[in-house]
Amino acid sequence: MISELLHALVFPGLVSAIIFGFLYEGILRKVTAHMHSRIGPPVWQPFLDFVKLMSKENITTKDSFGMIMTFAPIISFASALTVLLFLPVGGFSFLSFGGDLFIVIYMLIMAGLFFAIGGFATGNPFASVGSVREIIQIFAIEFPFVISMITVGLMMNFSVSPFFAWQFPFALFSFLVSVQGKLSLPPFHIQEAEQEIVAGPLTEYSGPRLAMHELAKGVMVWTMISMGAVLFLGATNLLMFAVNSLALLFLLIVVRTIFGRLRIKQSLRLLWYVVGPLALIDLARVLLGIYI
Amino acid sequence: MKLLGEALKRAISRPVTRKFPKEKPILPEGFRGRVEHNKETCTFCMLCAMNCPAAAIAINREKKEWKVDIGKCIYCGKCQDVCPTNPKSVKLGKKYENTDYDRENLKTNG
Amino acid sequence: MHDFFLPVGPQHPALIEPVHMKLRVEGETVVSLEGLELGYNHKGIEKALENRSWTKSVFLSERVCGICGNFHTSAFTQGVERLMGIEIPDRAKHIRVIVSELERIHSHLLCLGLVAHEMGLDTLFHYIFRDREIAMDLLEMLSGNRVHFSMNTIGGVRRDLDTENIRKVEEGLEKLEDRLYHYVKVFEKDSSVKRRTKGIGILSEKMATEMDTVGPCARASKVNYDIRNEGYLTYKNLKFKPVIGERGDVMERNVVRFKECIQSVKLIRDSLFSIPKGDIALKLPMMIKIGEGLETMSRVEAPRGELAYYVKSAGDRPYRVKIRTPTYANFHMLGHILKGYQIADIPVIVASMDPCMSCTDRVTLVNTKGKETVLGKEDFHKLNGGHHHD
């Protein structure tokens with residue numbers, strides 16, 4: 001019981017998710033800055049941002065629904081966190097049963113969906129354009145993402161467990177692309193394109209609500225990277241987990257640095273016409289049993 | 001993909017930006033900074049005050065008072081150009097952090 | 001599909017300066033540009049120029065713009081010198097060209113960095129801005145300031161350059177040239193850049209001519225319109241040939257800008273090589289007097305295009321100064337190059353036009369009752385010192 005609670009609340013659950021989520025985001029910003037040949041903020045900057053935002057006030061505009069604005073980021077934070085409970089990080093997981101892979105997939109959709117709903121609730125035109133883009137993005141990313149998840153899922157009876165997908169390079173590739181999309185990092189930062197639609201769904205957010213959004217985003221970084229490390233790179237112990245996740249993080253940073261933003265249609269086209277079919281090749285190989 | 005090589009190279013080399021208040025920039029020779037006035041050599045001929053495009057310089061010949069309003073100064077260096085004394089009594093120095101919370105503090109004797 | 005108005009500006013993250021655009025949008029597609037509101041930056045400079053002496057006016061005219069200030073003084077002093085009937089020394093002409101072309105490089109790099117930023121490619125933005133610093137540092141060394149160089153004065157320039165300066169400028173240009181060639185490759189070949197700029201915001205040659213487009217925007221659409229063709233200052237001796245693009249889309253405009261930077265590097269090099277010895281300015285009386293009622297039209301090629309100054313004298317000060325900035329001319333075609341593209345393309349297209357509100361918003365349009373004077377093409381040629389060029 002105690003050890004299960006520890007898993008849920010300390011590692012890989014709540015506390016470590018918050019700490020490592022923000023730390024990863026800090027590293028993301030710092031290394032990106034160095035690639036830009038800037039100094040960049042300190043790695044603990046996301047913590048400082050969070051604390052500062054928590055101490056500020058919420059502003060609810062005339063056209064917005066305060067309730068939804070409060071709960072949407074909390075739900076998306078919670079769903080990103082729930083995913084962690086199924087992940088066997090470093091060899092142990094809190095919850096695990098046959099077919100929990102699907103719960104993971106749905107929970108990740110939830111996180112994005114409530115990000116969009118939170119945007120719609122503000123009634124801001126920029127936010128609604130951003131939210132529509134977010135919905136389209138979920139729609140676009142889910143195809144390659146689900147296919148790649150099912151590919152590895154078939155190999156381990158749809159329960160989340162460590163698996164090294166070296167014989168499925170296409171599934172691995174489409175998973176990595178969709179991670180970039182799910183974290184809305186370049187080239188998929190379409191819903192938060194500041195040059196086009198201000199901050200997208202987050203335009204009207206301020207104070208603790210914005211802090212919750214930041215938190216959800218941080219935890220999402222940690223969740224997605226952990227998932228990649230366990231499900232696709234097969235981390236069975238803590239050391240492997242650390243190495244894998246840092247490698248993934250670096251890959252994310254490199255990709256985000258060298259690509260510009262796609263247009264929403266280009267993103268849809270890329271994910272559906274190129275990345276998705278590639279993932280299908282590996283799915284077909286699993287179904288037909290053509291692999292080593 | 002054309003940026004990949006450079007991005008990786010930059011990641012391990014020293015950033016070009018500097019932490020400003022700790023690390024000051026190197027100013028070139030002839031930088032146009034805050035106006036400096038030398039009371040010993042000045043003849044109070046009024047040329048700088050007359051030629052100042054921003055009318056930032058005020059001179060009182062009787063009291064031998066020379067005043068410049070840094071808040072108005074546009075750092076063009078015209079006063080230095082027209083100053084007839086040798087060495088120049090009015091010239092632009094290298095001070096560039098010329099802000100204050102009070103406008104009155106910007107009115108100085110140079 | 002339901003269409004609605006999308007307000008862009010006056011405060012918008014994509015725009016560095018305030019301008020208000022009212023766009024009719026259908027879904028994500030721009031249907032038309034319904035309204036354009038300028039004037040958020042009005043500074044009243046034209047009026048202020050009327051009660052300053054000629055020498056002081058030069059400093060004020062530089063403050064029209066923070067990016068291309070030197071071009072404003074070039075145009076203004078050129079007009080005043082024409083009114084006075086004087087010719088500035090050759091060395092001054094060379095220095096003016098050097099400073100102008102360096103300023104053109106940093107202005108173009110600013111625009112191109114912003115285009116990269118609008119594409120969401122911040123890496124490229126940081127790289128370009130870092131390399132822009134080379135040009136900025138050279139200008140700081142030559143003039144003593146990063147912006148508002150105050151180099152031009154009536155009758156010449158205010159600062160000379162020595163051999164040490166020339167050596168440093170040449171070193172800087174070497175570094176800059178390498179980087180510029182690299183960027184041309186990036187902007188022409190990089191998939192990420194190509195995807196956002198190729199075939200976007202197309203301005204046809206016909207439209208460019210009809211809308212009186214100027215500067216790199218016009219030249220990217222095959223229009224050979226560059227005031228440097230007229231050979232003012234030393235451009236005639238430098239055998240200047242403008243960079244002309246073919247397709248007229250955002251990508252072409254970017255590439256034309258880079259190629260112009262490379263050309264500027266060459267122009268500066270040639271100028272440094274051929275710079276003659278001698279005075280840098282004519283000795284003029286402190287209070288310049290010009291015959292009352294004399295008027296002239298003076299044009300230079302600013303980074304954004306043709307910059308025209310109309311100057312009329314009131315003896316010891318200007319009677320009227322009218323500034324026509326390139327951005328103002330380019331706004332006419334903005335509606336046409338936005339039409340039919342996505343909301344996501346608006347920032348990229350607007351940035352590729354390189355608007356400078358600070359230049360444009362000097363004047364607010366006021367309805368005037370009474371006599372209206374229309375200046376025709378012939379009048380402008382007459383005012384332009386008799387230079388007949390098309």
Practice problem: Of the numbered conditions (1) touching a helix residue (DSSP H, G or I) at 6+ places or on another chain (Cβ under 7 Å); (2) at pLDDT 80 or above; (3) more than 14 Å from chain B (Cβ to nearest Cβ); (4) not in a strand (DSSP E or B), residue C:41 fails exactly one; give the number of that condition. | Solution: (2)
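Let's see how each residue does on (1) farther than 30 Å from residue A:290 by Cα; (2) assigned to a loop (DSSP other than H, G, I, E, B):
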{"position": "A:105", "(1), (2)": "no, no"}
{"position": "A:109", "(1), (2)": "yes, no"}
{"position": "A:113", "(1), (2)": "yes, no"}
{"position": "A:117", "(1), (2)": "yes, no"}
{"position": "A:123", "(1), (2)": "yes, yes"}
{"position": "A:130", "(1), (2)": "yes, no"}
Quiz prompt | Listing of helices (runs of 4 or more DSSP H) fully contained in region A:1-63 that carry 1 or more residues being within 14 Å of another protein chain (Cβ to nearest Cβ) | solution = A:14-35
Quiz item: Which of the residues belonging to region B:28-58 are in contact (Cβ under 8 Å) with a residue 40 or more places away in the chain and within 17 Å of the chain's Cα centre (by Cα)?
Solution: B:31, B:32, B:33, B:34, B:35, B:36, B:37, B:38, B:48
Quiz item: Is it the case that residue B:34 is of a type in the set (D, E, K, R), within 23 Å of residue C:127 (Cα to Cα) and surrounded by 11 or more Cβ atoms within 10 Å (Cβ to Cβ)?
Solution: no
Quiz item: Could you say whether any residue in region A:141-152 is outside any loop (DSSP other than H, G, I, E, B), without any contact (Cβ under 8 Å) to a residue 60 or more places away in the chain, under 16 Å from residue A:263 (Cβ atoms) and among the hydrophobic types (A, V, I, L, M, F, W, C)?
Solution: no
Self-check item: Residue selected from region B:75-88 under the condition over 23 Å from residue C:63 (Cβ atoms) and among the polar types (S, T, N, Q), by the criterion farthest from the other protein chains (Cβ to nearest Cβ)
Solution: B:86
Quiz item: Looking at region A:232-249, which of its residues are aromatic (Phe, Trp, Tyr) and over 20 Å from residue A:27 (Cα atoms)?
Solution: A:232
Practice problem: Output the residues belonging to region C:337-357 that are outside any helix (DSSP H, G or I) and facing another protein chain (nearest Cβ under 10 Å). | Solution: C:341, C:342
Self-check item: All positions within region B:1-55 that are within 10 Å of chain C (Cβ to nearest Cβ), of a type in the set (Lys, Arg) and within 26 Å of residue B:107 (Cα to Cα)
Solution: B:32
Self-check item: Subset of region A:184-213 (residues that are away from every other protein chain (no Cβ under 14 Å) and under 18 Å from residue A:268 (Cβ atoms))
Solution: none
Quiz prompt | Residue, farthest from the other protein chains (Cβ to nearest Cβ), within region C:53-97, restricted to residues that are charged (D, E, K, R) and not in a helix (DSSP H, G or I) | solution = C:87
Quiz prompt | Qualifying position, being more than 13 Å from every other protein chain (Cβ to nearest Cβ), within 21 Å of residue C:56 (Cα to Cα), of a type outside the set (A, V, I, L, M, F, W, C) and surrounded by fewer than 18 Cβ atoms within 10 Å (Cβ to Cβ), among B:67, B:72 | solution = B:67
Quiz item: For residues in region A:251-292 being exposed (fewer than 14 other Cβ atoms within 10 Å of the Cβ) and among the aromatic types (Phe, Trp, Tyr), which is modelled with the lowest pLDDT?
Solution: A:291
Quiz item: If you go through region C:218-240 one residue at a time, how many are part of a loop (DSSP other than H, G, I, E, B) and either within 12 Å of residue C:267 (Cα to Cα) or basic (Lys, Arg) (or both)?
Solution: 8
Practice problem: Sort out which residues of region A:187-206 are surrounded by 21 or more Cβ atoms within 10 Å (Cβ to Cβ), under 20 Å from the mean Cα position of the chain (by Cα) and in a helix (DSSP H, G or I), and write them in order of number. | Solution: A:200, A:201, A:202
Exercise. Look at residue C:332 and say whether it is assigned to a helix (DSSP H, G or I) and at pLDDT 85 or above.
Key: no
Quiz item: Does at least one position in region B:76-90 carry a residue that is among the acidic types (Asp, Glu) and surrounded by fewer than 11 Cβ atoms within 10 Å (Cβ to Cβ)?
Solution: no
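The rows are residues; the columns are (1) surrounded by fewer than 21 Cβ atoms within 10 Å (Cβ to Cβ); (2) farther than 30 Å from residue A:256 by Cβ.
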{"position": "A:3", "(1), (2)": "yes, yes"}
{"position": "A:35", "(1), (2)": "no, no"}
{"position": "A:40", "(1), (2)": "yes, no"}
{"position": "A:46", "(1), (2)": "no, no"}
{"position": "A:52", "(1), (2)": "yes, no"}
{"position": "A:56", "(1), (2)": "yes, no"}
{"position": "A:64", "(1), (2)": "yes, yes"}
{"position": "A:69", "(1), (2)": "no, no"}
{"position": "A:102", "(1), (2)": "yes, no"}
Quiz item: Condition test on residue A:248, is it crowded, with 20+ Cβ neighbours inside 10 Å and under 16 Å from the mean Cα position of the chain (by Cα)?
Solution: yes
Practice problem: Determine whether region C:295-313 contains at least one residue that is outside any strand (DSSP E or B) and over 17 Å from the mean Cα position of the chain (by Cα). | Solution: no
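The values are calculated or read from the model by the stated rules, or taken from the named source; none is laboratory data. As the structure is a prediction and not an experimental result, all values here were calculated from the model. Neighbour counts run over all protein chains shown; Cβ positions are idealised from the backbone, glycine included.
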